[in-house]
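The values are calculated or read from the model by the stated rules, or taken from the named source; none is laboratory data. Worth saying up front: this structure is predicted, and the values here are computed from it rather than measured. Here the Cβ positions follow ideal geometry from the backbone for every residue, glycine too, while neighbour counts run over all protein chains shown. We work out accessible area using only protein heavy atoms, side chains counted, and drop any ligands, DNA or RNA first. Shrake-Rupley method; radii C 1.70, N 1.55, O 1.52, S 1.80 Å.
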2 protein chains.
Amino acid sequence: MNEECVSIFVISDSAGETASKLASAAIAQYQDLNICLVRKTFINEKEDLMEALETARSSNSMIIHTMISTELVNIANQYCEEHQLFCMDILSPIVGEIEQRSHVKPNRMPGALHFLDKNYFKRIEAMEFAVTYDDGKDPNGFLEADIVLLGVSRTSKTPLSLFLANKNLKVANLPLIPQAHIPKQLWEIDAKKIVGLTNDPHVLNRIRQERMKAYGLNPDTAYSNIDKINEELKFAQDLYQKLGCIVINVADRSIEETSSMILHLLEIDEHSYYG
Amino acid sequence: MNEECVSIFVISDSAGETASKLASAAIAQYQDLNICLVRKTFINEKEDLMEALETARSSNSMIIHTMISTELVNIANQYCEEHQLFCMDILSPIVGEIEQRSHVKPNRMPGALHFLDKNYFKRIEAMEFAVTYDDGKDPNGFLEADIVLLGVSRTSKTPLSLFLANKNLKVANLPLIPQAHIPKQLWEIDAKKIVGLTNDPHVLNRIRQERMKAYGLNPDTAYSNIDKINEELKFAQDLYQKLGCIVINVADRSIEETSSMILHLLEIDEHSYYG
């Protein structure tokens, strides 16, 4: 086997989201390397597990597994030890340690994380909320929202709303356009749940030019004009000050990072949202 | 310290999403236990790391960390060994193994996963696409979509669309209502990118009754009537057959599980989407 071709097998009794995310985080450290990520998901039978392990072995793949059945975990760990395969069992040491500390038995339900419990339905509701109240569609959503995001065009309002919805939070957002009407509901809610998003004018200029190009239009329209952008940002800044809300500059920040800042600055309790 | 109160510290140089997800998967195995999950995120300085470690030690917390700096990783691992704290270093063994196999140095960029690369913008675009083309808002979206989801009310179309958008896939969805007009664009696209969602009539009946109750309405409306539901499902089934699309029953399936099935059944290449 070609030494330069690294392959990672994710083996999971559920959708394999956690292990895939971990593998992706490692792969992202090697941007010029071609690394294969193979997912073997919903593995709940011994036969399926053995087949996955044998396939992984035949390509000398690295293995990351998350399974809850002790029988399957033991089979995987033993197989990897016998055949000297790289193996990371990321879930069972944590489950075992909790058991030891609490003297409570785990329920050993595969994919219990995604079980159709109350928390799960809350998340679905939050997602539907984000879609319904995206882009200022209905300002009545502000009254019911946990978080209201404000910002000029291209300050990541929609992806931020969806990302936070995944943590069970109800998020509404409103695009800011100078001279446009500001819905009265914005003044009726607690400023502590409002976040004003801003961006660097030159970043906005570049992003908007690229967007125009993607549409096959002239990149130098009023939309991407730097004076216009400064005017928009000033309008937003003035509004944020009047509202007394927190302000976050999204330039060079990922959605994950901005979301973390929002939860921290709004002092949203760590335990009230879904991990 | 009370033995029954288990606490887990997630320490990350980024948003801590991967480690939090792993901790949540373990916590989900203990539904009746009160487990604290504390996130120490964007830890990039020695001083901040030491402070997080000392806080974790003072409450004898379990530690899961994901950091890319070898210096910080070594500090954390040594500290935990010295003070006999439970510690899982989930990222660096994988990064180290890839380095050993490929002879390529990792770029050691914290949160490289979320770096503002092409992939990242593709994901944001996919999220905006899902919101724009949710609920049959504009059937022209079908032409551009990677996946088109069809289904009667309460078959998880919106959360599924958003979940798949997170994997960089452009998803449009259309609610099916008997006698309503079916947009002509649906017949113009490849049936191989269409997924017909269905559900068990009794599950739909229960979900819809609960929804009516949540709205403060009589639960026994036409919306939740079992004959009406059967009629809707029959209409959907007939359409799926005419289209020749795959059909998935979402009853008792989580969004994650249904998404996995969709990717598998539509034969969407493992490598073409974001982990």
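Label-point spacing at residue B:137 relative to the other copies reads 0.5 nm, in ascending order, each point sitting 7 Å out from Cα along Cα→Cβ. In this view, the solvent-accessible surface of residue B:61, computed with a 1.4 Å probe and all protein chains in place, comes to about 0 Å².
Spin-label model, residue A:104 to residue A:70: label points 7 Å out along the Cα-to-beta-carbon direction sit 1.8 nm apart.
Look at the stretch A:186-192: the mean tally of other chain Cβ atoms within 10 Å of its residues' Cβ atoms is 0.
The value of relative contact order for region B:6-114, using C-alpha pairs under 8 Å at least six residues apart, is 30 percent.
For the residue pairs A:184/B:213; B:137/B:157; A:170/B:193; A:167/A:234; A:40/B:105, alpha carbon separations beyond 21 Å are given by A:184/B:213; A:170/B:193; A:167/A:234; A:40/B:105.
The residue list B:187, A:88, A:148 was ranked by how far each Cα lies along the charge dipole of the protein assembly as shown toward its positive end, using unit charges on Cβ atoms, and B:187 comes out on top. Connecting C-alpha atoms closer than 10 Å in a GNM of chain A, tell me which of A:32, A:146, A:190 has the biggest fluctuation. Result for chain A, Cα springs under 10 Å: A:32 fluctuates most. In the complete set of protein chains, residue-level accessible area for residue B:144 is approximately 100 Å², probe 1.4 angstrom. Where only DSSP H runs of four or more residues are counted, chain A gives -13500 deg cm²/dmol as its mean residue ellipticity at 222 nm, each run worth -39500 (n - 2.57).
Using the Karplus relation 6.51 cos²θ - 1.76 cosθ + 1.60 with θ = phi - 60°, the per-residue 3J(HN,Hα) values for region B:33-47 come to 9, 8, 10, 8, 10, 10, 9, 10, 10, 6, 7, 10, 10, 3, 5 Hz, with x marking Gly and Pro. Charge dipole of chain A (Cα centre as origin; +1 on each Lys and Arg Cβ, -1 on each Asp and Glu Cβ, all else neutral): 900 debye, rounded to the nearest 20. In summary, the aspartates and glutamates within cross-link reach of residue A:46, defined as a Cα separation below 16 angstrom excluding same-chain residues under 8 places away, comprise A:13, A:54, A:71. Separation of region B:206-275 and region A:1-71 by C-alpha centroid, Å? Centre-to-centre distance over Cα atoms comes out at 30 Å.
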